[in-house]
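K.L.:
Dropping a structure here in structure tokens format, bear with me for questions.
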Amino acid sequence: MFVTRSVSDLVADSEGEGEKLRRSIGPVALTALGVGAIIGTGIFVVIGEGAKLAGPSLFIAFIIAAVTCAFSALSYAELASSVPVSGSAYTFSYATLGELVAFIIGWDLILEYGVSVAAVAVGWGGNVNEFLKATFGFVLPDAISKSPSEGGVFNIPAVFIVLLISVLLTLGTRESARLNAIMVVIKILILLFFIVVAFTSFHSGNFEPFAPEGFGGIASAAGVIFFAYIGFDAVTTASEESKNPSRDLPIAIIGSLVISTVLYVLVAVAAVGVAPVDTLSGSDAPLAAALNEGAGIPWAGGLLAAGALIAITSVVLVIMYGQTRIFFAMCRDGLLPRRLAKVHPRYGTPARLTLGFGVLIAILAALVPLDEIVKLVNIGTLFAFVLVNVGVIVLRRTRPDMPRPFRVPGVPVIPIIGILLCGYLIAQLPWETWLRFVVWLVIGLIIYFGYSIRHSRVRLGEKADAPSVEKA
């Protein structure tokens with residue numbers, strides 16, 4: 001159960017003639033993938049939640065959350081440059097901690113990514129109504145814009161965006177990455193617009209009292225805000241489709257985190273400067289409310305609603321992309337049915353599983369109540385962060401001579417700090433999160449011992465020499 005796959009075999013699989021993805025993404029597009037995954041609903045919504053806890057010192061909470069992420073980001077950068085294979089934390093765990101641990105984290109990430117896409121798609125539907133209301137003065141009926149638990153029948157906007165992104169991801173990774181890059185540029189420009197306008201109506205008095213709840217309030221806000229940074233790990237799911245992964249992946253991982261942090265801090269300072277904290281914490285659209293009340297620009301609501309739509313669209317694209325690549329890697333390794341890992345001969349993408357996931361997630365987004373799921377913290381992501389940090393330490397000891405284009409400084413101290421920080425946040429999670437994690441884990445273990453352990457390629461000694469591209 002704890003057999004590992006050698007790094008050389010993993011890389012050979014990705015470069016063989018079988019289930020092979022097309023290398024078509026450069027460093028700019030990879031960085032855009034990271035920024036696209038990070039900057040989404042978080043900055044448009046979570047800033048209000050953080051303001052309730054930290055007050056005017058909100059921007060410090062953003063910095064603390066970024067530092068917490070940075071430790072794990074460094075570990076991701078080392079493993080991604082050393083093991084440039086599709087699958088992210090799943091593949092890294094397979095190479096370091098063994099098959100069972102790899103299956104557990106891959107299985108959990110499939111759930112976490114799927115629930116995230118469904119939840120974000122529901123948020124996209126809600127922002128469609130905000131945009132229509134601010135721009136055209138009308139909204140879609142609840143029956144076709146909300147789930148049954150919210151008084152609707154079928155959430156058509158959520159289904160639309162999920163199926164649209166599924167088709168785009170099927171048609172090609174390079175094309176999807178280009179579209180994501182365009183959306184990232186647009187939403188960054190909208191955030192820069194907010195920053196510039198807010199600073200023209202800046203009121204320094206809004207920063208008093210600076211930290212009404214002391215450091216405890218700032219730390220609590222950082223715990224909430226941390227999840228606005230989750231997404232940089234999605235870059236590593238593109239390892240196998242990167243043109244030069246050893247060089248480009250560390251640049252993209254660290255670069256996307258730095259870009260997002262700078263924007264987050266500037267937006268936090270500008271938001272508090274243009275409007276009182278009560279305005280931010282009392283609104284479902286805090287940035288629009290800040291410009292409306294503080295700068296007297298009511299039409300900014302429509303612009304920021306459009307920015308939120310674009311931001312959320314790119315998040316759906318990147319997170320769904322990451323989910324399909326993790327599932328692809330597990331199928332190719334034989335832990336899940338191999339036939340699902342077929343690569344389309346024309347598009348060079350895993351078309352079957354991409355469209356299959358699209359349909360399942362669309363159903364989830366349309367019908368299933370997601371209010372409680374959205375409130376739960378992403379235990380799978382934090383668990384993945386822990387395993388990646390552990391993986392760096394293990395590989396440094398077991399494979400000291402392995403080429404490492406990027407090296408985490410101060411090993412094992414830096415990874416251990418990353419583990420402790422993630423462990424602290426995991427310990428704060430509500431019992432519902434743990435229950436969901438355990439139930440999903442039990443289902444996964446049944447599949448592992450009933451199917452995966454008998455079909456695992458590493459156990460069968462099978463090499464990636466069988467043609468696995470669908471016939472046109």
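We did not get these values from a lab; they are worked out from the coordinates using the rules stated. This structure is a prediction, so every number in the text was calculated from the model and none was measured. Quick reminder, even Gly has a Cβ in these numbers, built from the backbone with ideal geometry, and neighbours come from all protein chains shown.
K.L.:
Cα centroids of the stretch 198-252 and the stretch 294-365: how far apart, whole angstrom?
P.N.:
22 Å
K.L.:
On to the next question. Of the chymotrypsin sites (Phe, Trp or Tyr not before Pro) in the stretch 90-192, which ones lie in a loop per DSSP and count no more than 12 other C-beta atoms within 10 Å?
P.N.:
Qualifying residues, ordered by number: F138.
K.L.:
Mean Kyte-Doolittle of at least -0.5 plus a Cα span of 20 Å or more along the axis: flag which DSSP H helices in the chain meet both, please.
P.N.:
58-82, 99-136, 156-171, 173-200, 245-274, 300-332, 351-367, 379-398, 413-427, 431-447
K.L.:
When ranked by the protection proxy of mean other Cβ atoms within 10 Å per residue, highest first, what sequence do the peptides 95-101, 455-461, 68-74, 292-298 form?
P.N.:
68-74, 95-101, 292-298, 455-461
K.L.:
If you don't mind, there's one more thing I want to ask. Specify which residue in the list S204, G391, L192 is farthest towards the positive end of the charge dipole of the chain, using unit charges on the beta carbon of Lys, Arg (+1) and Asp, Glu (-1), about the Cα centre.
P.N.:
After comparing all options, I get G391.
K.L.:
Just rank V46, V318, fewest to most, by other beta-carbon atoms within 10 angstrom.
P.N.:
Ranked by crowding around the Cβ, least crowded first: V46, V318.
K.L.:
Okay, moving on. How fast does the stretch 89-238 diffuse by Stokes-Einstein, in µm²/s, taking the Kirkwood radius from C-alpha pairs at 10 °C and 1.306 mPa s?
P.N.:
Once the numbers are plugged in, D ends up at 81 µm²/s.
K.L.:
Which value, in debye to the nearest 20, gives the size of the charge dipole of the stretch 157-304 about its Cα centre, when Lys and Arg are +1 and Asp and Glu are -1 at the Cβ?
P.N.:
Computed charge dipole of the stretch 157-304: roughly 480 debye.
K.L.:
Place +1 on the Cβ of every Lys and Arg and -1 on the Cβ of every Asp and Glu in the chain, take the dipole about the Cα centre, and give the residue among Y321, W431, M183 whose Cα lies farthest towards its positive end.
P.N.:
Checking the options against the dipole of the chain, the answer is Y321.
K.L.:
To the nearest 20 debye, what charge dipole does the stretch 283-354 have about its Cα centre, counting +1 at the Cβ of each Lys and Arg and -1 at the Cβ of each Asp and Glu?
P.N.:
840 debye
K.L.:
Now, a different point. In whole Å, what is the distance between the alpha-carbon centres of the stretch 418-451 and the stretch 25-70?
P.N.:
Cα centroid to Cα centroid, the span is 24 Å.
K.L.:
By count of other Cβ within 10 Å, fewest leading, how are H344, H203 ordered?
P.N.:
Lowest count first: H203, H344.
K.L.:
While we're here: About the Cα centre of the stretch 7-460, what is the dipole size in debye to 20, counting +1 per Lys and Arg Cβ and -1 per Asp and Glu Cβ, all else neutral?
P.N.:
The calculation lands at about 1440 debye.
K.L.:
Given the -39500 (n - 2.57) contribution per DSSP H run of 4+ residues, what per-residue ellipticity at 222 nm results for the chain, rounded to the nearest 500 deg cm²/dmol?
P.N.:
When only DSSP H runs of four or more count, the value is -22000 deg cm²/dmol.
K.L.:
On to the next question. Along the charge dipole of the chain, pointing to its positive end and built from +1/-1 on Cβ of Lys, Arg, Asp and Glu, which listed residue (A252, Y229, V122) has its Cα farthest out?
P.N.:
A252
K.L.:
Show me 429-437, 304-312, 231-239, 271-279 ranked by packing, highest mean number of other Cβ atoms within 10 Å first.
P.N.:
Highest-to-lowest ranking by the protection proxy: 231-239, 304-312, 271-279, 429-437.
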